[in-house]
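Heads up: the structure comes next, in structure tokens.
The values are calculated or read from the model by the stated rules, or taken from the named source; none is laboratory data. Every value quoted in this text rests on a predicted model; they were computed, and no experiment measured them. Reconstructed Cβ throughout: ideal geometry from the backbone, glycine too, with neighbour counts over all protein chains shown. Please note that ligands, DNA and RNA were not included when accessible areas were found on the heavy atoms of the full protein model with its side chains. Shrake-Rupley method; radii C 1.70, N 1.55, O 1.52, S 1.80 Å.
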Amino acid sequence: MTVPFSAKVTLWLNRLIMLVLVGLAFAMPALLRWYETVRVLGNHVTQAISLAFYCCCPPVAAALGDLDRILRNILAGKIFVPQNVSCIRRIRWYCLATGLICLPASFRYPPLIFVFIIMVFLSLVVTVLSNVMHAAVALREENDLTI
């Protein structure tokens, strides 16, 4: 079986996004100071944005790590395996956690409500994807047992 080129590209883009996340974690205070020169936010808003960002970093990093595992499995030819299903299900919870973290911060900085809505919607999409993947794994296992 040939490995799709897009899987390799996605794996490297995923790793690049991991590096960007680490860079943003260090650069966030400076970025917020710069953003305040463009738009006056106030101390409470800056704190809300900063707190939401740093609280969202662990679930986002964990989701990127699971996505990395899935992509490595795909590159190894292991596509319909239970490990991929459990990774996808964890990603669903990470998306939901990120959205729920942004919800209280949206009371101080209203544009974060869009992050909440997008992440909750994404968790629903990933839930459907995990159910489809689970059914595919079950079909593959049943097919493997058929003579």
Next on the checklist: If I ask for residues that are at pLDDT below 95 and touching a Gly at 6+ places or on another chain (Cβ under 9 Å), which ones from region 1-21 would you list?
Outcome noted: MET1, VAL3
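Would you mind stating whether ALA138 is without any contact (Cβ under 8 Å) to a residue 40 or more places away in the chain and either in contact with an Asp or Glu (Cβ under 7 Å, 6 or more places away or on another chain) or open to solvent by less than 70 Å² (accessible area, probe 1.4 Å) (or both)? Walk me through it before giving the result.
Working: without any contact (Cβ under 8 Å) to a residue 40 or more places away in the chain: yes; either in contact with an Asp or Glu (Cβ under 7 Å, 6 or more places away or on another chain) or open to solvent by less than 70 Å² (accessible area, probe 1.4 Å) (or both): yes.
So ALA138 fits the description; yes.
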Checklist entry - Which of the residues that make up region 67-91 are of a type in the set (Val, Ile, Thr), crowded, with 20+ Cβ neighbours inside 10 Å and more than 14 Å from the chain's Cα centre (by Cα)? => result VAL85
Next on the checklist: Please go through (1) of a type outside the set (D, E, K, R); (2) more than 23 Å from VAL20 (Cα to Cα); (3) assigned to a helix (DSSP H, G or I); (4) in contact (Cβ under 8 Å) with a residue 24 or more places away in the chain for ILE91 and return the number of the only condition it doesn't satisfy.
Outcome noted: (2)
Item to check | Considering residues of region 98-113 that are closer than 21 Å to LEU64 by Cα and without any contact (Cβ under 8 Å) to a residue 40 or more places away in the chain only, the residue most open to solvent (accessible area, probe 1.4 Å) | outcome: LEU100
Checklist entry - Does region 18-28 hold any residues that are open to solvent by 40 Å² or more (accessible area, probe 1.4 Å), under 14 Å from the mean Cα position of the chain (by Cα) and touching a residue at least 24 places away in the same chain (Cβ under 8 Å), and which are they? => result MET18
Checklist entry - Mind checking which residues of region 29-59 are surrounded by 13 or more Cβ atoms within 10 Å (Cβ to Cβ), touching a Ser or Thr at 6+ places or on another chain (Cβ under 8 Å) and at pLDDT below 95? => result LEU32, GLU36
Checklist entry - Do any residues in region 47-76 that are more than 17 Å from ARG92 (Cα to Cα) have Cβ atoms under 7 Å from those of residues that are exposed (fewer than 15 other Cβ atoms within 10 Å of the Cβ), where the two are at least six apart or on different chains, and which pairs are they? => result ASN73/GLN83; LEU75/VAL3; LEU75/LYS8
